[in-house]
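Worksheet: the structure to be examined is printed underneath.
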């Protein structure tokens, strides 16, 4: 009997307790769903960047014998807004400097690049451009993507092509249209860093001593 | 679908719409054009040396110099004589930033999409191409209120900025999806 007395209050407490919990749990469920969605969105935005950065870590050469000069973006017959060309150029300069693959990163026309040994010139030509719409992306999710496709070439001063790649940069979900240029520059920098650069002796045998000294 | 969920959904949408209300109805309104020489409020999207991406501030023309100021202090400046070209484009952007984007994504029953349909605003995008003292090419992009771009461009040209006449371009492989929504 004692046990009955002990257990019954517990049982009576448990039953209303569960129903009492049910309604707050419904609120909590919706709140949790919102939190989960925010978390997923953040992962969607940040994880690719982190993965891309971590995948290129430690692959750069230690002495970094080459410097690079970034040429202005050539539209290549594609109707490209001036802001897009400028944004690609500026983002390329920024991302190439971040990778630390090159000893120095020069702007197009920079006179200081004239006397630098081991200079590569990065030429970017737009092959395809699909202007998108941020509003259309936000409303439809599947439409309105901004897409860029460029051909990048690393050439020596003599015009010898050292590397050539065709690279995409898109924005499909979150972000303004210019984010495509940021993604493109990031992809270009990652691709160049993954691809090994030739020894300078092959391209400039006469400058071997000077380059190695630096 | 319970009435409880409907009530909460409607409340969520109301909050989102109230947040985006200032932008609704501004799409077709022309903002006041700046008086030449006075400061205009801009967002420096990228490219202006020493200025952070998406930094807001004032853009002024004074004594042959274009100056970008943030919180009253000069962040970056360039001699107007070194400007090689200036472009003004009209663009359309969603308002509200990241918080609004996340709110719209979290809105139930696709309510965020409805909000997105109205929560956008037209801007002018000013691209200024200039050379630094070593001859290096720079390009800076600013976001201005609609209607201010052309006025500021004229003010820069009046103060000695170079511009090249527009060249007719023939489209090759681009497939335009949406007109006038390049940003």
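Where a number appears in this text, it was derived from the coordinates with a stated rule and is not lab data. Predicted model, so just to flag it, every value in this text is computed and none were measured. Neighbour counts are summed over all protein chains in view; Cβ atoms, including those assigned to glycine, are modelled from backbone coordinates with ideal geometry.
Spatially, segment A:66-82 and segment B:80-109 are offset by 23 Å when compared through their Cα centroids.
Shape class of segment B:65-138 from the Cα gyration tensor (axes a ≥ b ≥ c, square roots of the eigenvalues): prolate, since a/c reaches 1.5 or more and a/b is larger than b/c. Peptide B:92-99 is shielded by partner chain Cβ atoms: per residue, an average of 3 of them sit within 10 Å of its Cβ.
Counting neighbouring Cβ atoms within 10 Å and putting the fewest first, the residues A:146, B:98, A:125 line up as B:98, A:125, A:146. Exposure proxy ranking for B:164, B:101, based on other Cβ atoms within 10 angstrom of each Cβ and starting from the fewest, stands as B:164, B:101. For segment A:67-213, the relative contact order comes to 24 percent (Cα pairs under 8 Å, sequence separation of at least 6). Let me make sure I get this right: for segment A:67-213, a, b and c are the square roots of the gyration tensor eigenvalues over alpha carbons, sorted descending. Under 1.5 in a/c it's rounded, otherwise prolate if a/b > b/c, else oblate. Which is it? Judged from the Cα gyration tensor, segment A:67-213 comes out prolate (a/c at least 1.5, a/b above b/c).
Give the peptides A:126-136, A:179-189, A:162-172 in descending order of average Cβ contacts within 10 Å, highest first. Write down the numbers at each step before the final one.
Working: A:126-136: 21.8, A:179-189: 23.8, A:162-172: 16.7.
Those peptides, ordered most packed to least, come out A:179-189, A:126-136, A:162-172.
From least to most packed, judged by other beta carbons within 10 angstrom and beginning with the fewest, A:89, B:109 follow the order B:109, A:89.
Looking at segment A:67-213, the DSSP beta bridges with both ends there are about 75 percent antiparallel.
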